[in-house]
Amino acid sequence: MSEHVPPLGSIDRRDPTFRDELEHARELRVAIVEALGDGFIRTDANGTILEVNDAFCRMVGYDADDVIGLASPHPWWRDDEAHRALEAALVSLRDHAHRRAGFEGDLVGHDGGRLHVAADLAALRSSDGDVVGFVGTIKDVSERAAADELAERLTSLTEQLAPQLREDEVLDVILDGVFDAVEPKGVGLLLPTEDGTALSPRRHRGLGWSEDEPPLPLDADLPPTRAFREGTAFFFADRDRMLEEFPDVRPLLNERDHHARASLPLRGRHGPTAVLHLLFPSSRSFTRRQRSFLRDIADRCGLALERAGLYEAQRRDAERARELQLAFAELAGVATPAAVAHIVLHQAVPALGGRAGSISLLDEARTELRLLSHAGFDEGSAGGWDVLPIGARLPGTDAVRERTPIYLEDRGSIAERYPDQVEMSRDAGDRAWAALPLMHGVQPIGLLFVNFAAPQPFDDPQRLSLETMADRAASAIDRARKYTHEHDVAVTLQHSLLPADLVSRPSVEIATRYEAGAEGLDVGGDWYDAIGLPDGRIALTVGDVVGRGLAAAATMGHLRSALRALALRGAGPSDVLQGLDEFAQAASGTHMATVAYAELQPTTGELAYACAGHPPPVLLPRSGHPRLLEDGRSPILEVQPGAEPRPSATVHMSEGDAIVLYTDGLTERRDEPLETGLHRLLEALAAAGGSEPEAICDLLLQRVASPGSRVDDVALLCARFQGATSHVVTVPARAEALATVRAAVDGWLEDLDPSSALRDDLVLAVSEASANAVEHAYRNGGAGEITIEGTKGRDVVLRVIDHGSWRGSGGDPSRGRGMHIMRSLVDDMEVERRADGTTIILRRSLDGGGGP
């Protein structure tokens, strides 16, 4: 049923009922407008205000009486952007473009305060369609705008953090992003230290932290530490509010500091990963929305930091796995237990996160663990456990005795099982230990001990890695021990095949070296020798048998013996090599060989030499450049027809010149031309200058034949010509011959024209040395001789040579009668004991120096 409404034209406007209804409608309209939560405004076509409600007056801060009749432009639209938006909306309504128009902008109140509002406008039109006014509502959307702005800032920070994977990059973005999003006075980031006991300042801006800001102990009652421990955010409107809850923070504050602060944990899925500390420009109250926003900021940063941590952990795990594989690969090639320990402690232990480590080995009696090597400790701290009785109650000894790893995850675990060791762990900075027995089969051979700076989970993957490392280390140590033993045997055998005694003459100073190659355990066929020939010449030789092993070593021994016999015939280098070639071809089971052979005439300095397929000797003048002696060359032994003579050559050596003979292990490398090695040899000798033969040998082994680059054996002989040698006299080893010795020495010295005092000292010294030889060298009654040789260079050198066997003075010629007299008469005295006799060397400077 519908209500009957009379036609509009039939209504009598003078009717009281109509006037009442009209008044009622007006009051209802006013009530509705006032009931709106939003501001209401009505203007005429020119913008003059005709009507507003109370809500609008509250927004603009003006009374209704001040507003009604106010012409455009209105003072609350003085924000330029908002004013332009209003004008655009009015133009749109006047042009019939829209029935309604709206915009958002800032409304500036009478007191200067701003509200962000949304305006909804409509045009009032006459029956002809002309605009006669405007009506609109103004809604305060400041809260929503603020929320949108905070959400936009949060989104912007999230987008900045999203592509960052490395922790340092994430920390930088957090610092900059938070500073932009929150607009504080200062920002700081604190992260837990490696051992998890403190918070360390890592990044900051505007807080005044120093570069060496000390960490905050995690158990301290401070806002950042409690925020981290409890995972709770703390907000302080000012200094006094903070001190009420955290009085311990007072020493850290400036007395004039009344700024608001906030400490927020950056939480990941498994708890806090860091703390964000904010300092604001002044005191302030934190609204619920602001607190929520700051917590959201912290959560986004926490997730980004956790993601970076996971990425870093994965990258670190991958890098450690790679380093561990490299360490395992290197273990396969090392030859000594010490080298194994170096790789394990310097590569494998750090790859598994260890701060330090040590390897100890059981002694032969299996009663002690003896330290082999350590890394990450100072020498002082390592001294206390260099030897550990196997029965001691310690993690390492227990692990070895029980033949099972012992894992101590943190100091609590250490204190529970080994209370006496807690203090040591604290002093060393350790938070966890792993003691792993090194097992060979079912028997322990030693201990690998790993120290960690932070508590460890020691989960299955970590234990597997540690135990795999221990297994590889044990296998490598056992293999290295066997290699070392076999290598020592091989080297001992090799050295036993080399000459025990080399010729000793005042005219020549000789040094030799033999170095085993880096590959294999077989003995080699390299040798050297220096032989005194009957006529006074000195034979120098270096040779190399092709191949390795006992057969090569046997051939080397045969050839060296044959060469000695041929050299003693005194036929010269060409005939010696020719005869050696004939011997090699006639002998059964020999190998091909190369030989460099030279004979030095000490009275003239003439050097005759020949090479059979061998690298050329090098002449090193006392002053000048070294040069290769490339003449006198012929093929290796056993390949040249025996009827064809082998050539030789000669060169003159002056006082101080040296000759170097060597095998190809010194210069040859598999990956370079022969000329490169020879060039390297000449460069090293040029640097040697006037060095003594011993120093020259050491220099060549260091610069030319470094162990890391060679694979073959090296035999090396360096002889320096000291000056022409004279045979002074040879007499029977009888007391009545001593007068002849004194006269001969005195005459020889007179020819050299030294001072009379020097001559008297040397004659007496030689007489005493000869008397000792007569008394002690031939006590078995056999006939013998004493030979006196002399040389004059920078010094006068006299040698008293016998071929007997000393038995007096306990068999020690250096303690015979008159030795103290001789020492007082010369600058230097040496006693050389050989298998075929003894030589006493007396040296006196021509510069006027006397005995001691």
Review point. Lys792 accessible area, nearest 10 Å², 1.4 Å probe?
Key: 90
Point to revise | Accessible surface of the range 53-160, 1.4 Å probe, proportion on carbon and sulfur as whole % | key: 49
Practice item. With a bin width of 10 angstrom, please list the P(r) values of the range 139-284 as percents of all Cα-Cα pairs, from the 0 bin to the one holding the largest distance. Key: 11, 38, 36, 13, 2, 0
Check your understanding: Using the scaling law 2.2 N^0.38 Å as the reference, what is the normalised Cα Rg of the chain?
Key -> 1.78
Check your understanding: Between Ala151 and Arg84, what is the FRET efficiency for a Förster distance of 22 Å, r being their Cβ-Cβ separation, to the nearest 0.05?
Key -> 0.30
**Study point:** Angle in degrees between helix 550-568 and the longest Cα principal axis of the chain, rounded to the nearest 10
**Key:** 40
Check your understanding: Taking amide hydrogens as modeled 1.01 Å from N in the peptide plane, which residues meet the under 5 Å criterion relative to Glu51, leaving out close sequence neighbours?
Key -> Arg42
Study note, to complete from the structure: Under a 1.4 Å probe, counting only protein heavy atoms, Glu750 has an accessible area in Å², nearest 10, of 110
Practice item. Any chance you could give the angle, 0 to 90 degrees and rounded to 10, that helix 674-688 forms with the longest Cα principal axis of the chain? Key: 80
Review point. How fast does the range 61-151 diffuse by Stokes-Einstein, in µm²/s, taking the Kirkwood radius from C-alpha pairs at 20 °C and 1.002 mPa s?
Key: 149
Exercise for review: For Arg670, Arg401, Arg203, give the ranking by accessible area with the largest first, probe 1.4 Å.
Suggested key: Arg670, Arg401, Arg203
Practice item. Mind computing the radius of gyration and Dmax over the alpha-carbon atoms of the range 261-331? Å is fine for both. Key: 19.2, 65
Study note, to complete from the structure: The equivalent-ellipsoid semi-axes of the range 191-275, taken as the square roots of five times the Cα gyration tensor eigenvalues and listed largest first in whole Å, are 21, 16, 12
**Study point:** Added length on full extension, which subtracts the Cα-Cα distance from 0.36 nm per residue, Arg320 to Glu655
**Key:** 114.5 nm
**Study point:** Principal axis box of the range 31-106, alpha-carbon based, largest edge first, Å
**Key:** 31, 26, 22
Study note, to complete from the structure: Accessible-area order for Asp79, Asp430, largest to smallest, probe 1.4 angstrom, reads Asp79, Asp430
Check your understanding: Cα gyration tensor of the range 227-371, axes a ≥ b ≥ c as square roots of the eigenvalues: rounded (a/c below 1.5), prolate (a/b > b/c) or oblate?
Key -> prolate
Study note, to complete from the structure: Sorting Ile821, Ile841 on solvent-accessible surface, 1.4 Å probe, most exposed first, gives Ile821, Ile841
Check your understanding: When only Cα pairs under 8 Å and 6 or more residues apart are kept, what is the percent relative contact order across the chain?
Key -> 6
Review point. Tell me, what is the 1.4 Å probe accessible area of Ser283, in Å² to the nearest 10?
Key: 70
Check your understanding: Using the Cα gyration tensor of the range 614-693, with a ≥ b ≥ c the square roots of its eigenvalues, what is the shape: rounded (a/c below 1.5), prolate (a/b larger than b/c) or oblate (neither)?
Key -> oblate
**Study point:** Average accessible area per residue (Å²) across the chain - probe 1.4 Å, nucleic acids and ligands excluded
**Key:** 48
Point to revise | Over the chain: helical MRE at 222 nm, DSSP H runs n ≥ 4 each giving -39500 (n - 2.57), nearest 500 | key: -12000 deg cm²/dmol
Check your understanding: Taking a quarter of the surface of the convex hull around the Cα atoms of the range 239-288, what do you get in nm²?
Key -> 4.6
Practice item. Starting from the Cα coordinates of the range 334-455, work out the convex hull volume and express it per residue in Å³. Key: 103
Review point. Roughly speaking, to the nearest percent, how much of the range 736-777's 1.4 Å accessible area is carbon and sulfur?
Key: 47
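The values are calculated or read from the model by the stated rules, or taken from the named source; none is laboratory data. As the structure is a prediction and not an experimental result, all values here were calculated from the model. Note that we place each Cβ from the backbone using ideal geometry, even for glycine, and neighbour counts take in every protein chain shown. Protein only, heavy atoms only, side chains kept; ligands, DNA and RNA dropped before computing areas. Shrake-Rupley method; radii C 1.70, N 1.55, O 1.52, S 1.80 Å.
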